[in-house]
Amino acid sequence: MAIPSGQAVGTPVIILKEGTQRTRGREAQSSNIMVAKVIAETMRSSLGPRGMDKMLVDSFGDIVITNDGATILKEMDVEHPVAKMLVEVAKAQDEEVGDGTTTSVVIAGELLIKAEELIEKEVHPTIIIEGYRKAAKESLNILDKIGIPIRVDDRPSLLKIAKTAMYSKLVAEYADHLAEVAVGSVLKVAEKADGSYKIDLDDIKIEKKEGESMNATQMIEGIVLDKEVVHPDMPKTVKNAKIALLDASLEIEKTEFDAKLNIESPEQMRAFMEQEEKMLKEMVEKIASTGANVVICQKGIDDLAQFYLARKGILAVRRVKKSDIDKLAKASNGRVVSRIDDLTPEDLGRAKLVEERRVSEDKMVFIEGCENPKAVTILIRGGSQRVIDEAERSIKDAINVVKDVLLEPKVVAGGGAPEIEVALALRDYAKSLPGKEQLAVEKFAEALEIVPAQLAENAGLDSIDTLVTLRAKHKDGHKWYGVDVLNTRYANMYEQNVLDPIIVKKQTIKSATEAATMILKIDDIIAASKLSEKKPEKPAKGEEEEKETSLD
C-alpha cells in the first residue's frame, strides 16, 4: 500500500509490502461474520440427540464419523483466521467443562448474525459489544436463580446427567450401561477435601479393544496394561501381589564413552559373560529379597534377567508407559524406584490380583483390587475401531459432566428449556437499559433461542411453532418446558430426566459471548501475501548436455 508523502507530492511511501491484502470497516465485519455463519451452520445440524453425524476425511484418507463438536472442528482443518478463533472457542469449552462445544459455536454464530442486523441499522459495534456483555452477565445471574441444587451423593441424578450427555451420541442405545461406568469411575477417583471435591481426570485411564459388544465395556478398579508377560515360564496369575515399580532397566548398561576390551582367550570371554550373568542375577536377587512377586518396568528387561525372574516365580512386564506406572503407583500405594539398589519392601505396591488375560486377539495385564483405588481403567469394547473411538469420545463427555456437577452441584433441564427461560428474563432486563444497548440485549435473547429452534428442526418439528409454543409455556410459569427430541413433542424436560450441569450452560454463554465480541471488534484485516514455493529453474539445453558429459 502506497501513501503520498506530505513533503514531496507524488512520491509514494511504501508501508505494506507487495501482495498484502487489506479489508476495512463494514466489509471486514461482513467477511468475518460470513465465515462464522458458515462454521455455525455446519455445526447446527449435529446438535442434540436427533443431530446428524459428519464424516471427515483427512489428507491421508483416514475417516472420522462423529457429531462431537470439538472433534468436528479439530478435524476440519480450517484456514480462515476467524474460523480458527471459533475452533479455539470450542477447544476452550471442551477443556474447561468437556461438553457443550456444538452449542457454544452455534450460539456464537447466531450472536454474530443478530449483530449484523443491528450493524445494518447503523448501530455501532462497540454498543453491540457492551450490550452483549451486559446480557451475558445477566444470563449467568438468571441461570444461578433457576438452577436446581443436587446432592453429590445422589447417584441416580448423576446417572441422569451422564445419560443426557450421551443421548446425542452414536452410542445412545448403550447410554444406561456406559453412564454406570462413567459415574462409577469419577466417584472412585474423586477426593473430598474441605467440603469440596478435587478430581483429576488423568486418574481415569481409557483402554480400547475391538471385539464383543459395547455392553462388555467395564470399569476396572486398578490399571489395565496393554502389554503381556515377558516370559512364557512366568506365572500368569499372582494373588496378593507385591509390585516393584521400576524406572530402571534390568539390563547391563553400556558405558557413556567408547571403550574397547581386548579378549585374547576363551577363558577371558567366559569370565566376561559370567560377570554379566552374575550382575543380572544380583539384580533379580535384590528384587526378590524385598518380597516382590510382580515387576512392572518402564524400560527393558534382558533375556537372562527374564529367565532368573521366571525361576523366582516373579511376573514381569516391560516397556510400560510412564503415565501408566504413575497411575499404578497412585492406585497401589507403591513408589517408583529409579535404582534397583534403592528398592525396599516399603516401596512395593499392593494389589489383590495381577493377571494376564486374553482380550480379543491380544494379551493384557490386569492389576485389580488395589489398596488405594484412586486410579481406575475403563476398558471399552465395540464392534469396530470407529465405534469404539466414538464410544471413547462419549464416555469422556459423560465423565466430564459428572465431574462438573461434583465441582458445582447445580443442574438445569435440557431440551432448550433454560435458553427459553433466560431469553424471557433478558427481554424484561432489556427494558431497564437506556439507548441502543437495549436492542443488543434483545438480540442476545433471540440468539439464545437458536438452541430450542435447532433441536426442533433436527427432530423434524417446525422451529417457529416450537418457539411460539415454548414462550407461551414459559410465560405461564412452566420453566422446564423444552423440546423432547426423542419423542418429537414439547414436555417438562426435568420430569423427562434430561439434566445438564449448570457449569456447562454458564461456560457455553461465556465462550459464545467472548468469541462473538472478539470478532465484532475487528474492523481491519491486513493479510500478508503467502510465501510461494520457488520451483527449481531448468538448466539451459547446453548446460544439461555438459552436465551429462561430466557425469560420464
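Since every read-out is calculated from the coordinates, none of them should be taken as a lab result. Predicted, not measured: the structure shown is a model, and the values here were computed from it. Glycine gets a Cβ as well: all are built from the backbone with ideal geometry, and neighbour counts include every protein chain shown.
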Which residues qualify? For Glu408, with a placed amide H closer than 5 Å and at least 5 residues away or on another chain, they are none
Between Asn262 and Leu353, what is the spin-label point distance in nm, taking each point 7 Å from the Cα along the Cα→C-beta axis? 6.1 nm
For region 298-312, Karplus couplings with θ = phi - 60° (6.51, -1.76, 1.60), whole Hz, Gly/Pro x: 6, 10, x, 10, 4, 4, 5, 5, 4, 4, 5, 4, 4, 5, 7
Amide proton proximity set for Asp484, modelled H, under 5 Å, gap of 5+: Arg489, Tyr490, Ala491
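Local charge sum around His177 (other residues, Cβ-Cβ under 14 Å, Lys/Arg +1, Asp/Glu -1)? Could you put the intermediate results ahead of the total?
Values: positive: Lys163, Lys169, Arg381; negative: Glu173, Asp176, Glu180, Glu212.
Value of the local net charge: -1.
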What ³J(HN,Hα) values, in whole Hz, does the Karplus curve 6.51 cos²θ - 1.76 cosθ + 1.60 give for region 447-455 when θ = phi - 60°, with x put for Gly and Pro? 5, 4, 6, 5, 5, x, 4, 6, 4
Any idea what angle helix 502-520 forms with the longest principal axis of the chain, computed on alpha-carbon atoms, 0 to 90 degrees, nearest 10? 60 degrees
Would you mind checking region 351-395 for residues with the amide N under 17 Å from a putative spin-label position 7 Å along Cα→C-beta of Asp176? none
Please list, in chain and number order, the residues 5+ apart from Ile223 or on another chain whose amide H is under 5 Å from its amide H, with Hs placed from the backbone. Ile367
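Note the full-extension length gain between Lys322 and Thr237 as 0.36 nm times their separation in residues minus their Cα-Cα distance, in nm to one decimal. Walk me through the intermediate numbers first.
Values: separation 85, 0.36 × 85 = 30.60 nm, distance 2.32 nm.
Once the chain is fully extended between Lys322 and Thr237, it gains 28.3 nm.
Show me the ranking of peptides 146-154, 176-184 by mean Cβ neighbours inside 10 Å, starting with the highest. Let's see the in-between values first.
Values: 146-154: 14.0, 176-184: 21.2.
Packing order, densest peptide first, comes out as 176-184, 146-154.
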If you bin every alpha carbon distance in region 223-372 into 5 Å steps from zero, what whole percent lands in each bin? 2, 9, 19, 22, 19, 11, 7, 5, 4, 2, 0, 0
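Considering Cα pairs under 8 angstrom that are at least six residues apart, work out the relative contact order of the chain and quote it in whole percent. Please report the intermediate quantities before stating the final value.
Details: 1015 pairs, mean separation 135.3, N = 552.
Over the chain, the number comes to 25 percent.
From the P(r) of region 40-98, can you give the percent of Cα pairs sitting at distances over 20 Å? Could you put the intermediate results ahead of the total?
Numbers: 449 of 1711 pairs.
That fraction is 26 percent.
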Relative contact order (%) - region 223-372, alpha-carbon pairs under 8 angstrom, separation at least six: 40 percent
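I'd like the projected area of region 132-188, averaged over all directions, using the convex hull of its alpha carbons. Report it in nm² with one decimal.
Working: hull surface 22.2 nm².
The orientation-averaged projected area of the Cα hull of region 132-188 comes to 5.6 nm².
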Angle in degrees between helix 417-430 and the longest Cα principal axis of the chain, rounded to the nearest 10: 40 degrees
For region 242-250, 3J(HN,Hα) per residue [Karplus equation, 6.51 cos²θ - 1.76 cosθ + 1.60, θ = phi - 60°, Hz, x = Gly/Pro]: 10, 9, 8, 9, 10, 9, 9, 8, 8
Principal-axis tilt of helix 322-332 within the chain, Cα atoms, nearest 10 degrees: 80 degrees
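Given 4 °C and 1.567 mPa s, compute D for the chain with the Stokes-Einstein relation, Rh being the Kirkwood radius over Cα pairs; round to the nearest whole µm²/s. Don't skip to the answer; put the middle values down first.
Numbers: Rh = 27.9 Å.
Translational D for this selection: 46 µm²/s.
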FRET efficiency for His80 and Asp303, Cβ-Cβ distance as r, R0 = 56 Å, nearest 0.05? 0.50
Where the convex hull is taken over the Cα atoms of region 364-512, what is its projected area averaged over directions, in nm²? 13.0 nm²
Asp202 label point, 7 Å along Cα→Cβ, cut-off 18 Å on backbone N: hits in region 318-346? 320-337
